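This report refers to the structure that appears directly beneath it.
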Amino acid sequence: MSTRIATRPERVRPRRLRRTRAIRDLAAETHVTPAHCVMPHFVSGGLRGETEVPSLPGIAQLGVEDLVRQVAEEIELGIRSVLLFGHAREPADKTSDGRAAWDADGPVPVALRRLKAEFGDDVVVIADVCLCAYTDHGHCGIFEDGAVKNDLSLGPLARTALAYADAGADVVAPSDMMDGRVAAIRDGLDAAGHEEVLLLSYAVKYASAYYGPFRDAADSAPASGDRQGYQMDPRNVREALREAALDEREGADMLMVKPALAYLDVIRAVRESTRLPLFAYNVSGEYAAVKAAAANGWLDEARIVRENLTAMRRAGADRIITYHAREAAQRGWL
Ligand code: PBG
Ligand code: ZN
């Protein structure tokens, strides 16, 4: 009798699926492995030398040979993709148009050529494309009369992406948030014969306080004002779908939501709106907060990292860009 079934709750026992570790693994819906992670790296101009970034414990600006050594270890650990950020070698290299960004002898092109010579197609090298680390005003585009000029910024961004493609980048990843930059970069790459270079768009990038430590590492904080005129308002999610759809139409191959933890609902919404591979960026401030709490003994770092990365995957991210990647793989946290 159906009423009798309904009144016997002890017949239905979700806890059976939780009894042993092996059973829990059998029933697990979400997985995070090193292959799901992309490791970010900051490259400096020199050959050797690691400069620690105080607000990003465990992360350093690397000379190109130190970078090669670390990437070799990461490939060994199963992390087969890295994201490169450069910064101006000297404050004097910064200009109003950020031209050091597309200098073929700048830190990023040098690192790209070296990594490709060393590892070939065993690693996917992604180059962040932006101007903020190379402009004297610190904004992500061309800044004139107190404003960031959208259309004037597209040429320099496309040139930067082209310089990185010429140097061997597998993927270029524009993070500037100018309108139309995906189309401008795609056209520039195609015109130069780089039809096969992939474009990962920071399509959904919020104006977030979680980028603070990154700006220390890349020396890329705006000298005046903030980025709210071009990065997205954290109060919006419909706008995220609009940005994602636009970038897909302009030819992006892969999309990103950034930051991750405070935006899990956005990851889910974007996941359901596109068929493109979706990346979540577990940004510098999210990493620094975990590191600080762990250093104080207030949180169990291994378990927190696993829980956070699992949440991003469960929300719908196919891949996660995270500063935890290397250490988490090394120490068996995943
Ligand atoms: C540059 C850029 C930023 C990040 C990635 N690319 C900083 C910013 O937009 O201010 C943030 C990454 C992080 O915080 O880890 N446009
Ligand atoms: Zn920028």
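Summing Lys, Arg as +1 and Asp, Glu as -1, what charge do residues with Cβ under 13 Å from the Cβ of D136 carry, D136 excluded?
Taking every other residue near D136 into account, the sum is -3.
Hey, what does the equivalent ellipsoid look like for the stretch 9-71, semi-axes from the Cα gyration tensor as sqrt of 5 times each eigenvalue, largest first, whole Å?
The answer is 46, 12, 8 Å, longest axis first.
Given 0.36 nm per residue, what is the gain on full extension from Q330 to D25 after removing their alpha carbon distance, in nm?
Length gained, Q330 through D25: 107.7 nm.
Pop out the ³J(HN,Hα) list for the stretch 136-151 in order, Karplus 6.51 cos²θ - 1.76 cosθ + 1.60 with θ = phi - 60°, rounded to Hz; leave Gly and Pro as x.
6, 8, x, 8, 7, x, 6, 10, 9, 6, x, 9, 7, 8, 4, 6
Please give the FRET efficiency for R242 paired with D265, using the beta carbon to beta carbon distance and R0 = 22 Å, rounded to the nearest 0.05.
Using R0 = 22 Å, I get an efficiency of 0.90.
What FRET efficiency do you get for E73 and R18 if R0 is 45 Å and r is their Cβ-Cβ distance, rounded to the nearest 0.05? Don't skip to the end; give the middle numbers.
Working: r = 36 Å, r/R0 = 0.79.
FRET efficiency, E73 to R18: 0.80.
Excluding D93 itself, calculate the net charge of residues whose Cβ lies under 14 Å from the Cβ of D93, where each Lys or Arg counts +1 and each Asp or Glu counts -1.
Net of charged neighbours comes to -3.
Between the helical axis of 284-295 and the dominant principal axis of the chain, each derived from Cα atoms, what acute angle in degrees is found, rounded to the nearest 10?
On a 0 to 90 degree scale, this one is about 60.
Could you tell me which chymotrypsin sites (Phe, Trp or Tyr not before Pro) in the stretch 228-334 are loop residues by DSSP with no more than 13 other beta carbons within 10 angstrom of their beta carbon?
The qualifying sites are W298.
Between the stretch 115-136 and the stretch 192-238, what's the alpha-carbon centroid distance in Å?
16
Between A203, A127, A184, which gets the highest mean-square fluctuation from a Gaussian network model of the chain, Cα cutoff 10 Å?
Answer for the Gaussian network model of the chain: A184.
Given all pairs of different Cα atoms, what value in angstroms does the Kirkwood hydrodynamic radius of the stretch 25-181 take?
When all Cα pairs of the stretch 25-181 are included, the Kirkwood radius is 16.4 Å.
List the GluC sites (Glu not before Pro) within the stretch 235-326 that DSSP assigns to loop and that have no more than 11 neighbouring Cβ atoms inside 10 Å.
Hits after loop and neighbour filter: E272.
If you add up the charges near F214, with Lys and Arg at +1 and Asp and Glu at -1, over every other residue whose beta carbon is less than 15 angstrom from its beta carbon, what do you get?
Details: positive: K205, R215, R227, K258, K291; negative: E52, D128, D176, D216, D219, D226, E286.
Surrounding charge for F214 is -2.
Among all lysine pairs in the stretch 31-330 that are eight or more places apart or on different chains, how many have alpha carbons less than 25 angstrom apart?
7
Which one, S175, S44, S208, has the greatest fluctuation when you compute a Gaussian network model over the chain with C-alpha springs under 10 angstrom?
S208
Taking Cα atoms, how many degrees apart are the long axis of helix 301-315 and the longest axis of the chain, rounded to 10 and kept between 0 and 90?
Result, in degrees: 90.
Based solely on its DSSP helices, what 222 nm [θ] is calculated for the chain when runs of n ≥ 4 H residues each add -39,500 (n - 2.57) and the sum is averaged over all residues, nearest 500 deg cm²/dmol?
After summing the helix terms and dividing by residue count, I get -11500 deg cm²/dmol.
How large are Rg and Dmax for the chain when calculated on the C-alpha trace, in angstrom?
Final numbers for Rg and Dmax: 21.2, 83 Å.
Over the stretch 171-254, consider all pairs of different Cα atoms and compute the Kirkwood hydrodynamic radius from their mean reciprocal separation; express it in Å, one decimal. The partial results should precede the final answer.
Numbers: mean 1/r = 0.0715 Å⁻¹.
That comes to 14.0 Å for the stretch 171-254.
Laboratory data are not the source of any read-out in this text; all were calculated from the coordinates shown. Just so you know, these numbers come straight off a predicted model, no measurement behind them. For neighbour counting, all protein chains shown are included, and Cβ atoms are generated from backbone atoms with ideal geometry for every residue, glycine included.
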